[in-house]
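The values are calculated or read from the model by the stated rules, or taken from the named source; none is laboratory data. What you see is a predicted model; the values in this text were computed from it and never measured. Note: ideal-geometry Cβ built from the backbone for every residue, glycine included; neighbour counts use all protein chains shown.
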Amino acid sequence: MLSDETISRINKFVSDRDWNQFHSPANLAKSISIESAELLECFQWDNENYNKEHVLEELADVINYCVQMADKLDVDLDEIVNRKLDQTEKKYPIEKAKGTSKKYTEL
């Protein structure tokens, strides 16, 4: 995950510009979705020949907004990611899910 230093830098960037006033959970969720669409756009017409630097910039935007949302909701990223992984591991046990892209309801 991101270092505490990087998370603090993101938070300072927002705070220094007085942007917290615009960062409600709903607005941050919209921003995550918008930036995710921009990331997807990098692959719109070609799955193999893409501009990696542009992909990384859009990925960073998504991550930045996710960090800000976690901060706004006062949650620990490690905790919520591990909790979700625990749930997903139960839905997709290795013996049923290995090597297949089927949804858990089809396994």
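Candidates are the residues of segment 21-38 that are in contact (Cβ under 8 Å) with a residue 12 or more places away in the chain and of a type in the set (S, T, N, Q); the one that is surrounded by the fewest Cβ atoms within 10 Å (Cβ to Cβ) is Ser24.
Do we have Asp18 as assigned to a loop (DSSP other than H, G, I, E, B), modelled with pLDDT of 95 or more and outside the structural domain of Ile80 (by TED's automatic domain parsing) here? Yes: the conditions hold for Asp18.
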